[in-house]
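Below is one structure; the comments refer to it alone.
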Amino acid sequence: MRETMNKTFTMLILICAAAGAAWASQPVNETIPVTPGSEISVENLAGSLTFEGWDSAMLEVTGTLGDGVERLDIDIDEDGEIYLEVEFDEDYHGKQTLSTDLTIRLPAGSELSVETVSSSISVSGMSGGLDLETVSGAIQTRGMPASLDIESVSGSVDVETAPSETDVESVSGHIEIGSVMGDIDAANVSGDIVINGGTLGEASMESVSGNITCLAAPGPAGDVDMETMSGTISLVVDAGAVATYDLSTFSGSITNEIGPEPQRTSKYTPGKELSFNTGTGGPRISLESFSGAIKLMTR
Amino acid sequence: MNCSEFASHVDGYLDGRLLPEDEKALRNHLAECPVCAEEAEVAQDLRQRAARLPRSLDPPRDLWPEIATRITAETVVQGRFVRRALMAAAAAALVAGSVVTAYMVGRSQTGTIVENRQVIETGPSEIVLASFQELGVADYLVTRSGLFGALEERSDDLSPETLEVLMVNLKVIDDAMEKIAEALGEEPGNEFLMKQLAAAYRRQIDLLETAVRLPAEV
C-alpha cells in the first residue's frame, strides 16, 4: 500500500460511492494533467483495470466503482507521482459488489506500477516501465514497455513482447510470452512457462512441476539456464545454431535432435547427462531436470 | 484510526514510510487495540525473521566449486552417510517435526494437503541430512525449519488453493531429494548426483522463500 506523499502538494480527489447505501456502478470520469515520464501507481481489489498509453500529457480515468467501494483516491505528490487507490467501504457487506472496472489512459512514457488482488490488469501502448502484481487476476500486456516486472500468485500472465531484463514470476499461473527481446528471468511453481519467439540474452527459466517450452532463439552471447523438478523442458533451436549444451536429468528422458545420445552417469544409479557443442563459441545452454523430460529440438 | 485503516497502513508503518501524523495515529490505535497491536508485533517479527534468513544459502551453485574440490580430493567415502545419518536423525525428528506439525494445524481438512503432510511432518530423512552434510550444507535443517516457520506465520494469509500448490510442489522436491540421497548412498561422491541434490536444495529454498513473500490472499 502506498503511504508516502507530501501533503503540502497533494491533490485529493474523492469520488464517493455508496456510503452504506446501495448505489450500484458509481460512474467515474476524471482527467488531470501529468508530468511526462512521471510515476503512476494504481491499486484495486476486484474487477478490471485497463491501461492505454497515449500521446496526451493527461491522465484520464473512466469506468465504474462497485457499490461496496467508498471512494477512488487520486493523489499527486510534489514530485508529480500519481497514486490511484480504490478505497473500500468499511461497512462493506456481502451483498455489495467490490468489482471496480476502470479504464485509465496515461502518457505512454509513464512508469506504471499496479497492484491488485483479483482484478485483471490489461496494459497496451506503454513505452515506460511496467511493474504489475496480482494475486489471482489475469495480466495481459500488449506492445513493448521499457522494462517489465510481473508477479502473480494464480493469475495468468500473457505478454506480447518482453523487453530485455524482463522478470516474470508466478506460483500457479500460466505464463505465456509472445516474443522475448533479450535478458529474461521467468519462474513458476506449478504453472507452465511458454515463450513463443524472439531472441534470448541471459535467460533463466525455472519451475518445479510446471513445464517450460521455449521457441525463442538463444542469442550469440547470453547463457540460457532452464531447470525443473518434474516439469518437461522443451527448447527449440535452429539446426545450424552454434552453442554449447549441457543436459541432465535424474530419472527423466532426454530427446536430442541435434547431437549425440545421452549417457548414463553411472551403472549403479539413475541419471543421464549429455554435453556437446555445435561449434566454437556461442551461448552455453543448460537444461536440467529431476524427473521431467528434456527435449532439445530443431525448428 | 480504526482497525480497517490500521490494516491498510501496517505495511507502511513497518517500512517506516508513513507520514508523521499517520504514524502517530497508528501508534495511538495500537495503544488502544490489543488485537492490532498483536498483529503488528507478529508482522514485525516475521519480517525480522525473514531478514535473518541465511541469504548465503540462496545460490547453491556457489557451493559447487567446493563440492567439486571435495570430490576431487576423494574425501567422500562410503560409510559416512550411515554414521552421520544416526547423528542427524534426532535433530530431524525434533526440529522439522515440531515446526511443520504446527504449520499443518488447522489445515488438515484440505484433502491434498493431508496427503502431502507426511513429508512435511516427518521432515527430511537421515540419508538426506547426511547427504547435505556431504555437500557442505551443515545448516540445511535450520534453514528449512526457519522457512517453514515463516510460512506458518503467513498461512492465514494464503488461500487453500495456493497452500495446496505449495505443499504438492514441496513434496515433489522432498521426494526428489530422497531419491537422490538414496542413490548417493549407493554411490557416494557421484558428481552428477551431488549436483542434482544441490539443484533440488536450491529449488526448495527458492520455493519456500517465494511462499513467504507471497501477497496476502485472504
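Throughout, read-outs are computed from the coordinates displayed, never taken from laboratory work. Note that the structure is predicted; figures quoted are calculated from it, not measured. Virtual Cβ from ideal backbone geometry, glycine too; neighbours counted across all protein chains shown.
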Residues whose modelled amide H sits under 5 Å from the amide H of A:N277, counting only those 5 or more places away in sequence or on another chain, are A:Y245
Neighbour-count ranking for B:C36, B:C3, A:C214 (other C-beta within 10 angstrom, fewest to most) reads B:C3, B:C36, A:C214
The answer for the per residue Cα convex hull volume of region A:150-195, in Å³, is 48 Å³
Rounded to 0.05, the calculated FRET efficiency for the beta carbons of B:R27 and A:E90 at R₀ = 22 Å is 0.60
On the formula 1/(1 + (r/R0)^6), with r taken between the Cβ atoms of B:E41 and B:E186 and R0 of 45 Å, the FRET efficiency rounded to 0.05 is 0.35
Taking every residue of A:159-166, the Cβ atoms of other protein chains inside 10 Å of its Cβ average out to 0
Mean 1/r over distinct Cα pairs of chain A, inverted to a Kirkwood Rh in Å, yields 21.0 Å
Taking every residue of A:130-136, the Cβ atoms of other protein chains inside 10 Å of its Cβ average out to 2
Per residue, the convex hull enclosing the alpha carbons of region A:226-270 has a volume in Å³ of 87 Å³
The residues A:D167, B:D139, A:D55, sorted from fewest to most surrounding Cβ atoms within 10 Å, come out as A:D55, B:D139, A:D167
Honestly region A:63-216 on the Cα gyration tensor test (a ≥ b ≥ c root eigenvalues; a/c under 1.5 rounded, otherwise a/b vs b/c for prolate or oblate) is just oblate
Note: B:165-172 gets an average of partner chain Cβ contacts (10 Å, Cβ to Cβ) equal to 5
The long-range amide H neighbours of A:E70, using H built 1.01 Å from N in the peptide plane and a cut-off of under 5 Å, are A:E87, A:F88, A:D89
Length gained, A:S56-A:M144, 0.36 nm per residue minus C-alpha separation, equals 29.8 nm
Under 5 Å from the placed amide H of A:I195, counting only residues 5+ away or on other chains, we find A:I177, A:T213, A:C214, A:L215
Whole-Hz Karplus couplings 3J(HN,Hα) for region B:197-206, θ = phi - 60° and coefficients 6.51, -1.76, 1.60, Gly and Pro as x, run 5, 4, 5, 5, 4, 5, 4, 5, 5, 4
By the mean-Cβ-within-10 Å protection proxy, highest first, A:151-161, A:30-40 rank as A:151-161, A:30-40
Note, region A:279-284: 3J(HN,Hα) by Karplus (6.51, -1.76, 1.60, θ = phi - 60°), whole Hz, Gly/Pro = x, goes x, 9, x, x, x, 9
Short to long, in 10 Å steps from zero, the percent of alpha-carbon pairs of region A:147-299 per bin is 12, 43, 34, 10, 1
Subtracting the Cα-Cα distance of B:A138 and B:C3 from 0.36 nm times their residue separation yields 44.2 nm
